[in-house]
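Here the structure comes first, spelled out in structure tokens, and everything after it is commentary.
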Protein chains: 2
Amino acid sequence: MHESGALKRQQRNHQQLRGPKVECRQHERRRHMSAEHTRMALATALRQQLAQVPLAKITVSGLCEAAGIKRQTFYYHFADVYALAVWVFRQEVADRILSNASYEEWSAGFCQMLEYLERNKVQTYAVVNSLSHRELEQFFFHALRPMMVAIVAQLTSDPGTSPGEQEDKPHLHPEDKDMVIDHYTVTILGHLFHWLANDMHIEPEAFVRQIEYILRGHVRHSIIRLAATCR
Amino acid sequence: MHESGALKRQQRNHQQLRGPKVECRQHERRRHMSAEHTRMALATALRQQLAQVPLAKITVSGLCEAAGIKRQTFYYHFADVYALAVWVFRQEVADRILSNASYEEWSAGFCQMLEYLERNKVQTYAVVNSLSHRELEQFFFHALRPMMVAIVAQLTSDPGTSPGEQEDKPHLHPEDKDMVIDHYTVTILGHLFHWLANDMHIEPEAFVRQIEYILRGHVRHSIIRLAATCR
């Protein structure tokens, strides 16, 4: 019984993680623009209602009424209220992380994300608990990885960096670069999961300061060491 | 509907994570010994059946028959077959990790655990998926932390180390020691969750070699740096 529930949940979540089903072909741009508008209207309606009631009390009908769209249109985009919440959540999380994706400021971006999760605690746990372990891991992994890509790009010579900066920086084999990016992404992820599993026990700022203090210099050190080995 | 299912599951799992409900008072030792014997008999029956059928096909009746105990006795110890599986799983995992909990050999213990999870893949995912995010994190956190405690104890001066060894080793404030232990525990945990979320995509030995390569020297480095700051 539990298994079929989990399966149903996974099937339901399958679509929401991949985003709404909109064909993006050129000739459908008009429809796409309108679809974007519909989703944004639903997102706004959800945010407004979440300020007053918990996610579990929000209905598709209520959202449709607030956004001025038909139920049928809602279901064209999202399987249910949770699917919409996951979509909104993903965007909010990604925006916050990427707003400060640099070596000097990654912790500010990560901290902003934690503060967002804490401020929207009920919604956070509602979304988190509606995802399977695999989905949760992949959701945050893909949200956090770009931050690490930006950090590692800053520390290594890369076509992305300016020629003047390139000379001082170590060069990494692409495979090693991926290894470093993945390692620090899952390290941050491990901290995030521990924080979520412990009811957000530490205040975001102190939490990020701790991680930053322990990690200081480690990313750079890993890169220099890997660059020094022959590949 | 999903929520009440998750709640039921959490309530059911609440007991199994804390272990079977046996009062350990002195005067109940005889009953305790017999309880231990019952659980071991059920664990053996479960392992034997798992060699032939998946966890979902195993019934309480079948296990009771194989172990020669009454259904009532089963339910005195475990809420269902999953609760028994989690208990067995926890013991197997903890044994493997702790068998090599030293700075030089932690990777061997961790590798043995991954190999066990891979060899029992169906059971692993059955158990993992029956736990909530919080339970899963806490399960592996508590299973892996003793490994890190042993590693950090080896690298720092501690009442546990012999007097001859103490002098060369940095001394850490207990709070900093916990911070280092927790940091590296969640780092390993992050890797483990990523591996589980990606269908055990890397072969355990190569996987552990990668983590070990990146982390080499980092634990020692964190300790020395923290020991140098005034607290």
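Below are the figures for this structure:
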quantity: Residue, nearest to the other protein chains (Cβ to nearest Cβ), within the range B:45-90, restricted to residues that are surrounded by 15 or more Cβ atoms within 10 Å (Cβ to Cβ) and either among the basic types (Lys, Arg) or under 17 Å from B:ARG119 (Cβ atoms) (or both); calculated: B:LEU55
quantity: The range B:168-199, residues that are acidic (Asp, Glu) and under 17 Å from the mean Cα position of the chain (by Cα); calculated: B:ASP182
quantity: Matching entry among A:ALA79, A:ALA66, A:ALA83, A:ALA43 (being among the hydrophobic types (A, V, I, L, M, F, W, C), at pLDDT below 90 and in contact with a helix residue (DSSP H, G or I) (Cβ under 9 Å, 6 or more places away or on another chain)); calculated: A:ALA83
quantity: Among (1) modelled with pLDDT under 85; (2) surrounded by fewer than 14 Cβ atoms within 10 Å (Cβ to Cβ) - the single one B:HIS37 does not satisfy; calculated: (1)
quantity: Top-ranked residue in the range A:194-231 [being away from chain B (no Cβ under 11 Å) and in contact with a His (Cβ under 7 Å, 6 or more places away or on another chain); ranked as surrounded by the most Cβ atoms within 10 Å (Cβ to Cβ)]; calculated: A:ALA227
quantity: Residue list for the range A:111-160, filter: more than 18 Å from A:VAL86 (Cβ to Cβ), open to solvent by less than 50 Å² (accessible area, probe 1.4 Å) and either not in a helix (DSSP H, G or I) or not assigned by the TED database to the domain that holds A:ILE181 (or both); calculated: A:THR156, A:SER157, A:ASP158
quantity: Some residue of the range B:111-123 being within 20 Å of A:LEU136 (Cβ to Cβ) and at pLDDT 90 or above; calculated: yes
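The values are calculated or read from the model by the stated rules, or taken from the named source; none is laboratory data. Worth saying up front: this structure is predicted, and the values here are computed from it rather than measured. Because the Cβ atoms are built from the backbone with ideal geometry, glycine has one as well, and the counts that use them run over all protein chains shown. For the accessible areas, the whole protein counts, side chains as well, though only heavy atoms, and no ligand, DNA or RNA atoms are used. Shrake-Rupley method; radii C 1.70, N 1.55, O 1.52, S 1.80 Å.
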